[in-house]
C-alpha cells in the first residue's frame, strides 16, 4: 500500500474534541435531557449518534464536519426538508429546538432529528419501484419551485474536473499507474461532456443528491413506505441524478426497473427523456468524485481504518478498468424504459 500524502483538506482534527461528555453537554445546551445511552451510527462525512433521552424516545444527533458547508448552506438544506415535510412528503427534517434547527456548541455545529426506523427497500419489487418513483417525483415537484442559493450544483466541473485535479495535485496515484489513470480519466471527462452535449439544455432543480438505498428507510409502521433521510448532499442538478441509483443488473433489467420508476414518478413530475443521456455520465462523475472524497478525508483517522483498500495498487488498477468501461458505455445509446 502506498503512503498517501497529507491532504490539503486536513481532517485529522475535525472531530478530535467530540468526546462523549461534550456530545451530551451539547444536547443539554439545547434543553434536552440525555440519559447517557449513546450509539454511534454509520456515518463518515459527519458524526451521527443515537442518543437516549429521559422519558422520551431516542433522538439522532448529527455533528457536521467543520468547514464543509457554511451555516447558510446547512440551513438551506434544513429549509428544503421542512418544505417537503409540510407537504407530507416522508422525509426527516431536523427538530426545531429553542427556535433553531442548527446549533453551535464549543467548536462544533449540530442538528437533532427524530429517529426513523426501517429497512432497505426491495428494489426487485415493481410496486416498490413505482412507490419510490412517486415519492421522488413529489420531492422534485417541490425542488423545482425555486433554486438553492447557497448549495452548489452537480456538474462536470465540480464532480469531475476538480476531483481529477485534486488527486493529481496531491500525488495519490502510484507513478507506474499515473499515465494510464490520467489518460482514461481524460477520456471519461470528454465522454461526460459529450453526454451533456447530446442531452442539451436540461432543467436543474433541488435534489436529494445522494439517493442510494442507505439513505432510504422502508417503514412498515403508521406511515408505510419509503422515508428519505440524510439530505446532507442535497444540491442542484438534473432530476435523473436521484433516479439512476435505483437501477441495477443488466441493461434489460435496468430498462424494466426504469419503466416502473418513471410510471410512478410522472404521476407527480414530468420527466425530460433527454436526461437519459446523462445516466452513465453521472455515474462516471460519481466514481471520480468518490475517489477524490476518500483522498480529501484520508487524514481523518476514521478513513484509513474503514477503507483500508483505498490507495492500494489494486484500488487504482480497478478504477482504471472501471473508467474504461464507463468510456465505452457513454458511447452507446442511452438506456430507455422498457415497454411494460
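Checking the conditions here, which among 248, 264, 237 is touching a residue at least 60 places away in the same chain (Cβ under 8 Å), more than 19 Å from residue 165 (Cβ to Cβ) and touching a strand residue (DSSP E or B) at 6+ places or on another chain (Cβ under 7 Å)?
Working: 248 fails: touching a strand residue (DSSP E or B) at 6+ places or on another chain (Cβ under 7 Å); 264 fails: touching a strand residue (DSSP E or B) at 6+ places or on another chain (Cβ under 7 Å).
Going through 248, 264, 237 in turn, just one is touching a residue at least 60 places away in the same chain (Cβ under 8 Å), more than 19 Å from residue 165 (Cβ to Cβ) and touching a strand residue (DSSP E or B) at 6+ places or on another chain (Cβ under 7 Å): 237.
Can you name the condition, by its number, that residue 268 falls short on among (1) touching a helix residue (DSSP H, G or I) at 6+ places or on another chain (Cβ under 8 Å); (2) in a helix (DSSP H, G or I)?
Here residue 268 meets the rest and fails (2).
Looking at 208, 260, 277, 227, which is the one that is in the same structural domain as residue 174 (by TED's automatic domain parsing) and part of a strand (DSSP E or B)? Explain how you work it out, then say what you get.
On the way: 208 fails: part of a strand (DSSP E or B); 260 fails: part of a strand (DSSP E or B); 277 fails: part of a strand (DSSP E or B).
Of the residues listed, the single one that is in the same structural domain as residue 174 (by TED's automatic domain parsing) and part of a strand (DSSP E or B) is 227.
Of the residues in segment 44-66, how many are without any contact (Cβ under 8 Å) to a residue 24 or more places away in the chain and under 20 Å from residue 305 (Cα atoms)?
Qualifying residue count, segment 44-66: 1.
Can you find, within segment 172-207, the residue that is surrounded by the fewest Cβ atoms within 10 Å (Cβ to Cβ) among those that are within 19 Å of residue 236 (Cβ to Cβ) and free of Cβ contacts under 8 Å to residues at least 60 places away in the same chain?
First, pick out the residues of segment 172-207 that are within 19 Å of residue 236 (Cβ to Cβ): 192-193, 195-196, 199-207.
Within this subset, residues satisfying the condition of being free of Cβ contacts under 8 Å to residues at least 60 places away in the same chain are 193, 201, 204.
Values: 193: 15, 201: 8, 204: 19.
Per the criteria, the residue is 201.
Filter segment 310-340 for residues that are modelled with pLDDT of 95 or more, in a loop (DSSP other than H, G, I, E, B) and within 24 Å of the chain's Cα centre (by Cα) and give the result.
Those that are modelled with pLDDT of 95 or more, in a loop (DSSP other than H, G, I, E, B) and within 24 Å of the chain's Cα centre (by Cα): 310, 334, 335.
Looking only at segment 51-70, decide whether some residue is at pLDDT 90 or above, over 30 Å from residue 312 (Cβ atoms), out of contact with any strand residue (DSSP E or B) (no Cβ under 7 Å at 6 or more places or on another chain) and part of a strand (DSSP E or B).
yes
The values are calculated or read from the model by the stated rules, or taken from the named source; none is laboratory data. Here the structure is a predicted model, which is why all the values come from computation and not from measurement. In this analysis, Cβ positions are derived from the backbone assuming ideal geometry, glycine residues included, and neighbour counts consider all displayed protein chains.
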